[in-house]
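None of the figures in this text is laboratory data; all of them are computed from the coordinates on show. As the structure is a computational prediction, the values presented were derived from the model and not from experiment. Ideal geometry is used to build each Cβ from the backbone, glycine not excepted, and the neighbour counts take in all protein chains shown.
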Amino acid sequence: MADLTAVIDLDLPGPRISRHVYGHFAEHLGRCIYGGFFVGEDSDVPNVRGIRQDVVEALRAIRIPNLRWPGGCFADDYHWRDGIGPRADRPRMVNSHWGDVVEDNSFGTHEFMDLCEMLGADAYISGNIGSGTVREMSEWIEYLTRADDSPMATLRRANGRDEPWRVPFWGLGNEAWGCGGNMTAEFFANLARQYGTYVRNHNDNDPYRIAAGANADDYAWTETLMQSVARLGGDRLQAPGAPYQGISLHYYTMSGDWADKGDATQFSTEEYYRTVRKAQHVRTLVEGHGAVMDAYDPDKKVGLVVDEWGTWWNVEPGTNPGFLYQQNTLRDALVASIHFDVFHDHADRVVMANIAQTVNVLQAMILTDPDTGALVLTPTYHVYAMNVGHQDADTLRVTVHGDVRDTESDGRRVPLFSASASTKDGSALVSLSNLDADADLTVVLDLRGREVTGHRARVLTAPELAAHNSPEAPDAVVPAALEAVRPHPAGLEVTIPAHSYATVELDLA
Ligand code: AHR
């Protein structure tokens, strides 16, 4: 007897899920850039021009669509001219946000664009409003994207790059309410309009400008940014000439508070359910900010860009507290699957999302050993791998019938099931998260509207929620074939183990 029925109309596609929802984030923070992406030409770790090739291959395999750089908080301290030209001549700076270490600027604009080209990913450059000038930002995009003999294009050529690059995404500041300048919303909204004006469209590069948005439930911040851009007139909301086309949102999941965020691998069932509740809160946030945006922009021309999200735990014992290095367990993978269901459900507003961060920082895809260089793919990585089929697919509504099991955390209801679906190119992909720590779940997939000619199911699970991968046990949490899929008069019946993420791929006639 099934616990739930999930009705999916395979012939009624909804809004398209942008592949950019599966975007990434690389900051000059701890071992994300140095030791993560970039080891230098002289390293024993196989590299091309200093960039780790195993990291590139792993990210290409999950079709990384874009990479945000250089921060984060670091972005508003970063002066791009310090990171071009011969490495030996590049000035140093203090990375005051992250460990107070000296940054030698050996990874700069050319190295980042080289990395993006190796990855086949679009560049998302986060420009400095907090401590940078309008001129700096204007010259940076000219340097990157202009083809002729303009001053910045000439400088780029002198530094070895003839052709301009494409930079489709441009951030205007970061967390301007905090590390990016401690500004008020009104003050920042004016700066975003000003700086955005000078992020010019050279050579039809046509950048999508993203104004630094709200922290979590600061709906007033979003309202101020929407008022500010709406004042320019509805028709110009998404025009290339508008100062910004998107607004960001940052939200982190933790089981504790900012002072004691919780441990990455040692947690109780109660802490697990609190984590699930906090992850599910992203739905309230996306819907809340979306409602504010709808009031000014009912046609959804301005995009919501969740360009920092993920788990934030206490750092691993013995590591630098400023480096934000944490382990990544099956619990983290479920936090990711919950977020993706929300992003899919709101594909008409959420145009991009960037997990924080890609390598060795916070909810990473990849962890590298500082001593041996060994690379480990995390459980979160495997959710991205299982979800490749959702990229640029059309959403399918999943209507759930039956009593979804739930629990309580801090007096609030926590539903223990999450799902979403999409269709593309004669197939459909169904995502199913059984969030129950202890019990299996059987779901009937009531598949309507199109004939299903085949299916493949996979599951990501482990005996313990705290299971994680390490150099000694790299495959402790990896996807496996899900055998418990049976024909059912309505479609298929699937049994999903406790605390697991499953996908069912359907071939459609
Ligand atoms: O991702 C780590 C930090 O979190 C980023 O630098 C900042 O934007 C946020 O507070």
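Tabulated data
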{"quantity": "Orphan Cys of the chain, criterion: no other Cys C-beta under 4.7 Å", "calculated": "Cys32, Cys116"}
{"quantity": "Computed lengthening from Asp299 to Ala490, 0.36 nm per intervening residue step minus Cα-Cα distance", "calculated": "65.1 nm"}
{"quantity": "Rounded to 5, percent antiparallel among DSSP beta bridges of the chain", "calculated": "60 percent"}
{"quantity": "Relative packing of peptides 82-88, 288-294, 356-362 - highest average C-beta neighbours within 10 Å first", "calculated": "356-362, 288-294, 82-88"}
{"quantity": "Which of His97, Val376, Leu304, positive extreme of dipole for the chain (C-beta unit charges)", "calculated": "Leu304"}
{"quantity": "Antiparallel DSSP beta bridges within the stretch 280-418, as percent of all bridges there, nearest 5", "calculated": "60 percent"}
{"quantity": "DSSP-defined beta bridges in the stretch 131-261 - what % are antiparallel, rounded to 5", "calculated": "0 percent"}
{"quantity": "Among 166-172, 320-326, 478-484, 252-258, the order from most to least packed when residues are scored by Cβ within 10 Å on average", "calculated": "166-172, 320-326, 252-258, 478-484"}
{"quantity": "Computed magnitude of the charge dipole of the stretch 286-383 (debye, nearest 20; Cβ of K, R +1, Cβ of D, E -1)", "calculated": "60 debye"}
{"quantity": "Euclidean distance between Cα centres, the stretch 288-315 to the stretch 82-161, Å", "calculated": "28 Å"}
{"quantity": "Ranking of His250, His281 by count of other Cβ atoms within 10 Å, fewest first", "calculated": "His281, His250"}
{"quantity": "Cleavage-rule hits, GluC sites (Glu not before Pro), the stretch 411-475, DSSP coil, Cβ neighbours within 10 Å at most 10", "calculated": "Glu451, Glu472"}
